[in-house]
1. Looking at the stretch 4-37 only, could you name the residues that are under 57 Å from the mean Cα position of the chain (by Cα), loosely packed, with under 13 Cβ neighbours inside 10 Å and more than 27 Å from residue 108 (Cβ to Cβ)?
2. Does residue 125 satisfy the criteria of being modelled with pLDDT of 80 or more and in a loop (DSSP other than H, G, I, E, B)?
3. Could you tell me whether any residue of the stretch 203-226 is closer than 30 Å to residue 374 by Cα, more than 15 Å from the chain's Cα centre (by Cα) and modelled with pLDDT of 90 or more?
4. Would you please name the residue that is modelled with the lowest pLDDT, looking only at residues in the stretch 156-168 that are crowded, with 18+ Cβ neighbours inside 10 Å and farther than 19 Å from residue 303 by Cα?
5. Identify the residue in the stretch 214-228 that is touching a helix residue (DSSP H, G or I) at 6+ places or on another chain (Cβ under 6 Å) and part of a helix (DSSP H, G or I) and, among all such residues, is farthest from residue 397 (Cα to Cα).
6. Among the residues that make up the stretch 355-364, is at least one of them loosely packed, with under 15 Cβ neighbours inside 10 Å and on the phi > 0 side of the Ramachandran plot?
7. For residue 171, state whether it is farther than 30 Å from residue 230 by Cα and buried (at least 18 other Cβ atoms within 10 Å of the Cβ).
């Protein structure tokens, strides 16, 4: 756009110089007047094109400005719909044809979109120079599809909290624990005592996931009926979704995200299940009883219980549906309203396939598994870097008549525990 604008201005300057020359030569003939009119009409036409380009550039710049999303979270304000359509068109051409076959206009659109991927260290996520950042619409499709692979990227009340950022540099998140400090009674004219607040912080990085290679035959790519974009959305979201939810559950926190089970095991309260024996007199340690759930709930501070939720494997949830209290009443309360989750003891239950299941037989030697979590799940925060990049490998599988694609996704996760333990775990021992 800048090159075209400069060329138009140079051409208009030449026409204006010719008009000035005609006007300065004195009395103009009819031919001079006619030439002057033609020059004037042409320079006005060029001026309109220049103004149109400059207005378009200004609107584009304004649409790409970054601002703070709701609640003051760092993030991105998306581009205009018109630019998103243009970028999506150029991105699809890149997927089907590769960078070398792009027009100059499409290359300029993709190049203008490219932004910094982060800083050195663990937050680094620099893709190959041939990588392309994907349009907002593609990212949104990926994020929507990720919600089906576990509870961590669903968002909403009762779910782990998502924090979107535009770049991936280390992000300090402050925490404070002032629960042991109370106010004081003082007499008239008596000096108050001093008690500072202890501030700590959790550092969010941006670990990089890859989707691994996804290969597509040239015949499918060239078939206009084949929706390559939706195919990649489906494949990428499956692989990223499984990886994100797995790391958010049991990630070690060492060179990878700190999973919620790992974090709660290290610092949170733990309840060992007695099983349903207290109710039926026969249930063993490989079961969960109503008393276990009561103990688990009350191991969490009352301030964290409003809005709290359970988290368990789907097979464990199936067992919960059959649990009854000592009066024979089921603990499971199915929802009959749209958008309302089923509940146990009045709390919603989140299904997580990466939590341990209830074993059917005892082990030798004895093992202990975290089978359920309970607490303020929004205190577990997933930091996502909104920039998602896709790389097209045109040559690697050329002899197979295939093109490969790979996507890169960056995130981190931490439990915000300042020492008050917002989430607790239930342990079954076999």
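The values are calculated or read from the model by the stated rules, or taken from the named source; none is laboratory data. On a predicted model such as this, the values are computed, not experimentally measured, just so you know. For neighbour counting, all protein chains shown are included, and Cβ atoms are generated from backbone atoms with ideal geometry for every residue, glycine included.
1. 17
2. Against the criterion (modelled with pLDDT of 80 or more and in a loop (DSSP other than H, G, I, E, B)), residue 125 does not qualify.
3. Yes, the stretch 203-226 contains at least one residue that is closer than 30 Å to residue 374 by Cα, more than 15 Å from the chain's Cα centre (by Cα) and modelled with pLDDT of 90 or more.
4. 167
5. 228
6. Scanning the stretch 355-364 turns up no residue that is loosely packed, with under 15 Cβ neighbours inside 10 Å and on the phi > 0 side of the Ramachandran plot.
7. So residue 171 fits the description; yes.
A quick yes/no check of all residues on (1) touching a helix residue (DSSP H, G or I) at 6+ places or on another chain (Cβ under 9 Å); (2) surrounded by fewer than 20 Cβ atoms within 10 Å (Cβ to Cβ); (3) at pLDDT below 95; (4) assigned to a helix (DSSP H, G or I):
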{"site": "255", "(1), (2), (3), (4)": "no, yes, yes, no"}
{"site": "284", "(1), (2), (3), (4)": "yes, yes, yes, no"}
{"site": "303", "(1), (2), (3), (4)": "no, yes, yes, yes"}
{"site": "306", "(1), (2), (3), (4)": "no, yes, yes, no"}
{"site": "310", "(1), (2), (3), (4)": "yes, no, no, no"}
{"site": "316", "(1), (2), (3), (4)": "no, no, yes, yes"}
{"site": "319", "(1), (2), (3), (4)": "no, yes, yes, yes"}
{"site": "328", "(1), (2), (3), (4)": "no, yes, yes, no"}
{"site": "337", "(1), (2), (3), (4)": "no, yes, yes, no"}
